[in-house]
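So the structure is just underneath, and the comments pick up after that.
Nothing in this text is a laboratory measurement; each read-out follows from the coordinates by a stated rule. Everything quoted here is computed from the prediction, not taken from an experiment.
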Amino acid sequence: MAVTTQYSTEYNQAYVAASGNLETNEMRGRVRVAYFTAAQDGAGDAGSSFALVKLPPGKVRLLAAMSKAYVNWTTGSATLDMGWDAYVEQDGTAVIADPNGIDDGIDVDAAGYQTFGSALVATGGTKVFNSRDGVVIRATSADTAIVSGDDLVGALLYVVD
């Protein structure tokens, strides 16, 4: 074997191939915080959900693996799915909802802090959205009921402009 030097796609684009500047969701963008407090009012059957935040229109990189929430869902064997509602891309293409595109089945049986992005491992825990009107991020209790007072409090970090 030999010693090699490899370049990330972004490093190559910006400095080696010099084929163009990187977009702000890749370099020099600003990290923004979308804070949310969601408390269940009354009982909710399995499949109940919270619309947590709406990311702004345009190209936005969700930093799911850097985002956290305190989850206090008291039903035994509770799991949390996180994903997005349907939206329209900048070019007019409709994107279908993916209720577990960020996380699929996080074990929240015991109250505690959770980090997101388990379904985004291949992209380093991030997801790029390029929407016309913004994207709603949603948390769902897919398999158990949510009881009154169950809550989810935290922040989603994202890069824009």
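Pairwise alpha-carbon distances in the range 85-154 exceed 22 Å for 32% of all pairs. Largest first, the three principal axis extents of the alpha carbons in the range 24-160 are 42, 27, 25 Å in whole numbers. Distance from the C-alpha centroid of the range 94-116 to that of the range 1-30: 31 Å, rounded to the whole angstrom. P(r) tail for the range 74-120, what percent of Cα pairs lie past 18 Å? So the portion of pairs separated by more than 18 Å is 42 percent.
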